[in-house]
Amino acid sequence: MQPPKMPVFPTTTWPTFEEFLEKQSGVAWDTSLEYRFTIQFYIDEDGSVKYPIVLYNMHEAVAQQLYTTIPTSPKWSREGMFPDLITKVEKKLTFKAGKWEVKTKMMSYRLESIDRSELQSQSKVVFMPQYEVPKTDVIQDDDIYNVSGIEAKPEYPGGPNEFYKLIAKHYRTPDVPGLNGTVIVSFVIEKDGSLTELKVLRDIGYGTGEEAIRVLKLSPLWKPGHQLGKPVRCSYTLPIKINNKG
């Protein structure tokens, strides 16, 4: 079993995707202003960027430029990923005083579950009048973050190898000769370290997906992930390879 993978922006020309947007959009960024946007897009099976959405409250012209620039991104690396997955990326962007503040969430889906015509119809620049409503002093962050997009990743007690040992020890492979394939499950690591929203993204029959869920329910509490010094909810995707000889 290998740790879950997500697409990675190539850093050969620009150190970050945000700097790519900054430099390639042609926007004359005013460092005395604050720009805020939420962008969404998909990383396709070949690493290309498609179906962008840009949400804005101010700076419509900049939003339009970002929308045009996003699909021109260099192809993202998908090393270690399964070939039949497409990844949705959401970024909450703030640009002020010449610096980027970024909050990123990523989630992969099976290609067969995606309606490309619907994604294309939804691709647009959208005015959101409530987007920049001032926050109260008490912030309740219930967003779900991807483990690859936060400051401190969640940790299983003893580290990832111990987590894989737990799966290997308790997972009961069906006694079906010649059964081969990969089961993929996802779950959310809550702020208290518990696992919730356990889902089977792919199984290969014979109860292989249900067995993965059963084993995950045996997990002790994790050390939660942190963003900006506070515990946050994090998504995690786990592939389980099955190879029965026969």
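The values are calculated or read from the model by the stated rules, or taken from the named source; none is laboratory data. What you see is a predicted model, and the numbers here were worked out from it, not measured in a lab. Please note: Cβ atoms are built from the backbone with ideal geometry, for glycine as well, and neighbour counts cover all protein chains shown.
When region 58-73 is limited to residues that are crowded, with 17+ Cβ neighbours inside 10 Å and assigned to a loop (DSSP other than H, G, I, E, B), the one that is modelled with the lowest pLDDT turns out to be His59. Each residue in region 40-50 was checked for being in contact (Cβ under 8 Å) with a residue 40 or more places away in the chain, in a strand (DSSP E or B) and in contact with a Ser or Thr (Cβ under 7 Å, 6 or more places away or on another chain), and 2 pass.
Taking the condition out of contact with any helix residue (DSSP H, G or I) (no Cβ under 6 Å at 6 or more places or on another chain), of a type outside the set (A, V, I, L, M, F, W, C), under 28 Å from Ser235 (Cβ atoms) and assigned to a helix (DSSP H, G or I), does Pro15 pass? For Pro15, the condition - out of contact with any helix residue (DSSP H, G or I) (no Cβ under 6 Å at 6 or more places or on another chain), of a type outside the set (A, V, I, L, M, F, W, C), under 28 Å from Ser235 (Cβ atoms) and assigned to a helix (DSSP H, G or I) - is not met.
Residue by residue, here is whether (1) in a loop (DSSP other than H, G, I, E, B); (2) of a type in the set (S, T, N, Q); (3) free of Cβ contacts under 8 Å to residues at least 24 places away in the same chain holds:
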| residue | (1), (2), (3) |
| --- | --- |
| Thr31 | yes, yes, no |
| Thr38 | no, yes, no |
| Met81 | yes, no, no |
| Lys88 | no, no, no |
| Ser108 | no, yes, no |
| Val126 | no, no, no |
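Every listed requirement among (1) surrounded by 18 or more Cβ atoms within 10 Å (Cβ to Cβ); (2) of a type outside the set (Gly, Ala, Ser); (3) not in a helix (DSSP H, G or I) is met by Glu211 save one, (3). Selection of region 168-202 for residues being under 17 Å from the mean Cα position of the chain (by Cα) and assigned to a loop (DSSP other than H, G, I, E, B) yields only Glu190. State all residues of region 19-57 that are surrounded by fewer than 17 Cβ atoms within 10 Å (Cβ to Cβ) and of a type in the set (Phe, Trp, Tyr); if no residue qualifies, say none. Result: Trp29, single match.
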